[in-house]
Amino acid sequence: MTAERVETTETTEGAGLRAGRVTRTADGRVILDGVSISPAPGTTVGLLGPNGSGKSTLLRLLSGVLAPASGVVTLDGSPLAELGRRDIARRIAVVEQQADTQVELSVLDVVRLGRTPHRRAWTPPSAADEEAVRDALARTGLADRANQSWHTLSGGERQRVQIARALAQEPRELLLDEPTNHLDIQHQLDLLNLVTSLPVTSVVALHDLNLAAMYCDRLVVLREGRVVARGTPADVLTEELIAEVYGVRTAVTRDGSDGRPHVRFLGTVSRPVPRQSAPTCPE
Amino acid sequence: MTRKVTRPRVGLLCAAGAALLVASVAVAITIGPADIRVADVWSVVASHLGWGSTELSPIRDGIVWQLRLPRTLLAAVCGAGLAVCGAVMQSLLRNPLADPFVLGVSSGASTGAVVVVVLGAGGGLVSVSAGAFLGALLSFGLVLLLSHTLGGTTDRVVLSGVAAMQLFSALTSFVVMTAADAETTRGVLFWLLGSLGGVGWTDVWVCLAVLVVALTVCLAYARTLDAFAFGQDAAATLGVSVARTRLVLLCVTALLTAALVSSAGAIGFVGLVLPHAARALVGSGHARLLPVAALAGAVFLVWVDTLARTVLDPQEVPVGVVTSLIGVPVFVLVLYRTRRTR
């Protein structure tokens, strides 16, 4: 398999959002084991790995919702634990896999929630608030749907609204946990097009290797809570690595003009002595 | 289908609600065995506030000022308070079935009152209200401890509340069955079902003060409550300190419930149903929802209490019985409508 490419130092100094050797355990089980990532500003970083590899937990540590057992997550050099929730929310926005609510809300209501960290109690929305909301709606192509009820939207539209809400937060870092799950292929492409066109640093957990290859600048591959590979899609997505991490046989080609790899699945790898149950195919 | 979300002007609605509340209080006071007109109510109130005098006889003046006015005002305060508690708890716990009684606060209050009334705890130094208040706080403390031990998630809070409710109901029944005579049992039962009979101005002032403080705190957290629409984690990523918000708001609503229950007993369904009605009117933004829910609850309970004290005149029906009789069908209707719109 490919050796891990360690291209960054593991200090926590410097700009942007970084995780330095973070570890997280739950019920005595290690979920993340000394993971470091430091996305370059403005880039889209894809998190890959099978179910249970720690992608979601890493995103939750990066958003500060969970605290690492050891290691540290820093924002411009300051540990998240020392920043207030409000200050974090003005910098980092999160789009979850599937957001749902029982509350009767319009698209505009949901997008306005993004202004929560910017607003004070008892005050009406400022011109800047309204401007940010209008901007977010326009950028996500939702301007004419502002008054539509959230509950009448399709899955793809709901994710789009969540991204608009995240944009209304005016973040510099955007974390997305499998945002294309449950979407049809057109909406998957639309959504990732939108995310990669935004002027933010994105970290996005993905299941689909081809979408990751198409849209991400860098990839980080996790298995059992550890980073097993990182680098550009072309470097990372090799037949050996995919077999090693996902337990599937593939043919990887690079015949596009941009040199991005394309993964064709051939079947699962039959291992001589399976460690657990048979490895499963992603998606 | 592209269902539009449209909302009325909340300022107008609140002004109309306030006017309706004042009119309801004034009219409700005139209803009853003693014949009193709305004009009499105004003149009595004016004379007691030092704006002129009333030509009403002292007895009728007393009926308005000592009996019906405090009772009607307390009904309004209780209705407003319970509706606010329900609205806040439903949003905070993301559970449309949450209401002040889910926390087990009312059961605790009942137990406290019964211990004082039946067992004579406190040797006459502790009033029934104080006993109820202590019971409410004890029960709430138990719920917080239990839910914290169980993991602190919102469903755990609700389940802990249900557990506390069962425990304190059992304790209440146990005390009543083992120690009370028939007469006391009847008195306690009446009180447990909720009653606004025999309240005085002290009850009104205490409950009103707690309501004003609680409503102010909840309104200060209005935007924070909005952020809970997609769950606690989503709220946290929007900059909300989830643990602190939950602690503050659960304490405030428990204190308000304790104050109301210790004055008026366990009046059910107002906290459950009225927030849903208010949401149907103005949507779920809390800066709009909370004042409207408070006004709706106040008007509702003023009329329900009027019904409770007149429908079987001279017998009085516990107001909690009437709210449940009205509340259950309304509740089913609300559930049915939300089912269809999904």
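Within a Cβ distance under 9 Å of B:I31, other residues only, what is the Lys/Arg minus Asp/Glu net charge?
+2
Put +1 on the Cβ of each Lys and Arg and -1 on the Cβ of each Asp and Glu in segment A:17-268; which of A:S257, A:Q159, A:T101 then has its Cα farthest toward the positive end of the dipole?
A:T101
Nearest 5 percent is fine: what portion of the DSSP beta bridges confined to segment A:17-268 is antiparallel?
60
Among rounded, prolate and oblate, which fits segment A:18-174 when a ≥ b ≥ c are the square roots of the eigenvalues of its C-alpha gyration tensor, a/c under 1.5 means rounded, and a/b larger than b/c means prolate?
It is prolate, given that a/c is not under 1.5 and a/b is the larger ratio.
Would you mind checking which residues have amide H under 5 Å from A:T44's amide H? H placed 1.01 Å from N; only 5 or more apart, or other chain.
A:S202, A:D217, A:R218
Given labels modelled 7 Å from the Cα in the Cβ direction, how far is it in nm from A:A40 to B:L145?
So the label points at A:A40 and B:L145 sit 5.8 nm apart.
For a quick check: with amide H placed at 1.01 Å from N, whose amide H comes under 5 Å from A:L17's, ignoring anything fewer than 5 positions away on the same chain?
A:D76
How much length would be gained if the chain were fully extended between B:F331 and B:A18, taking 0.36 nm per residue of separation minus their Cα-Cα distance, in nm to one decimal?
110.2 nm
Under the rule of at least 5 residues apart or a separate chain, name every residue whose amide H is placed under 5 Å from the amide H of A:L176.
A:V95, A:V203, A:V204, A:A205
Using only Cα atoms, tell me the angle between helix A:155-168 and the longest principal axis of chain A; keep it within 0 to 90° and round to the nearest 10.
In chain A, helix A:155-168 runs at an angle near 70 degrees to the longest axis.
Go ahead and set up a Gaussian network model of chain B, Cα springs under 10 Å, then flag whichever of B:G327, B:G50, B:G151 fluctuates most.
B:G50
Taking the Cα centre of segment B:10-341 as the origin, how large is its charge dipole in debye, to the nearest 20, when only Lys and Arg (+1) and Asp and Glu (-1) carry charge on their Cβ atoms?
920
At 0.36 nm per residue, and after removing the present C-alpha to C-alpha distance, how many nm does the segment from B:S57 to B:L159 gain when stretched out fully?
Computed gain between B:S57 and B:L159 is 31.3 nm.
Compute the distance in nm between two label points, each set 7 Å from the Cα along the Cα-to-Cβ direction, one at A:D217 and one at A:R254.
2.0
Here, each number is a calculation from the coordinates, and none is a lab measurement. This one's a predicted model, so the numbers in the text were calculated from it and none came from an experiment. Counting neighbours? That spans all protein chains shown, and the Cβs are built from the backbone with ideal geometry, glycine included.
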